[in-house]
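Report on the following structure.
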């Protein structure tokens, strides 16, 4: 079972734990990126992250990938079961992104468990390599 991470509430003037590029998108209301949607808003990024949000998808991700790290759900493709997560390491949200199609079976779906070192994309790379490609596909159809 996935461990739930609880972070203390942010104090006034304390830096947000979210990656700067992600905060920029949220602060400029760039959240509906059809077919993807970012799941936070200006209010939620002003506070400590809620790791309870999307707990079912987070637990399922750990089951299907066997990953050796925790994740924070930040985006979902609404026409299928594709989810995007930030890596959480030592209680900190990192600018390391993994997107994954969940099959919702109770078994490892990869040939080998996913390891922290394998996650290479950051948020802006994910926007460029996943989201913009999906948007282009939607425009062309």
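Throughout, read-outs are computed from the coordinates displayed, never taken from laboratory work. For clarity, every value in this text was computed on a predicted model and none was experimentally measured. Cβ atoms come from the backbone with ideal geometry, glycine included; neighbour counts cover every protein chain shown.
Could you work out the helix-only [θ] at 222 nm for the chain, with each DSSP H run of four or more residues adding -39,500 (n - 2.57) and the total divided by the number of residues, to the nearest 500 deg cm²/dmol? Walk me through the numbers before you get to the answer.
Numbers: 5 runs with 36 residues, N = 141.
Dividing the helical sum by the residues of the chain leaves -6500 deg cm²/dmol.
The range 56-94 to the range 22-37: how many Å between their Cα centroids?
Cα centroid to Cα centroid, the span is 18 Å.
Using mean Cβ contacts within 10 Å as the protection proxy, how do 53-62, 130-139 order, highest first? Walk me through the numbers on the way to the answer.
Working: 53-62: 17.7, 130-139: 13.4.
Ranking the peptides 53-62, 130-139 by packing returns 53-62, 130-139.
What label, among (1) 18.0; (2) 15.6; (3) 17.6, belongs to Kirkwood radius over Cα pairs in Å computed from the structure on display?
(2)
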